[in-house]
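Down below is the structure, laid out as structure tokens.
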Amino acid sequence: MSKKYASSDKYTGLQKIADELSTEGKKMNHSTVRNHLLRGFAKIATAVLEYHDYKGDIEARAKEIAKSPDFHEYMYDVMHQIEREKHLNRTTNT
């Protein structure tokens, strides 16, 4: 059995998410977290491909995009921007 994630940053991040979810009562391991994230990212990629009238195999391309480190980084940036805006709105509305 391979332990290819044992020392990688990716494994550590997924394990942190899994630990947090488990603490909240949602039992998960890093593999389950990864699978959920990839399925969610594939849904986003599918919507974008459909919006732009992609003519190839949308499902296959969406799965490929979902695995892309560049896409992960972009999604991270978008989510953090949303959180910053929420925080800013909270502080300016009080």
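Largest GNM mean-square fluctuation among Gly40, Gly25, Gly13, using the chain with Cα springs under 10 Å: Gly25. Only helices enter the 222 nm calculation for the chain: every DSSP H run of n ≥ 4 contributes -39,500 (n - 2.57), and dividing by all residues gives -25000 deg cm²/dmol, rounded to 500. Anisotropy class assigned to the stretch 9-92 is oblate, per the alpha carbon gyration tensor with a/c at or over the 1.5 cut-off and a/b no larger than b/c.
Here Tyr51, Tyr76 are placed in order of increasing Cβ neighbour count within 10 Å, fewest first, which gives Tyr51, Tyr76.
Calculated FRET efficiency, Val48 to His80, Cβ-Cβ distance, R0 = 25 Å: about 0.80 to the nearest 0.05.
The numbers here are math on the coordinates, done by the rules we state, and not lab data. Because the structure is predicted, anything quoted here is derived from the model rather than measured. All Cβ positions, even for glycine, are placed from backbone atoms using ideal geometry, and neighbour counts span all protein chains on display.
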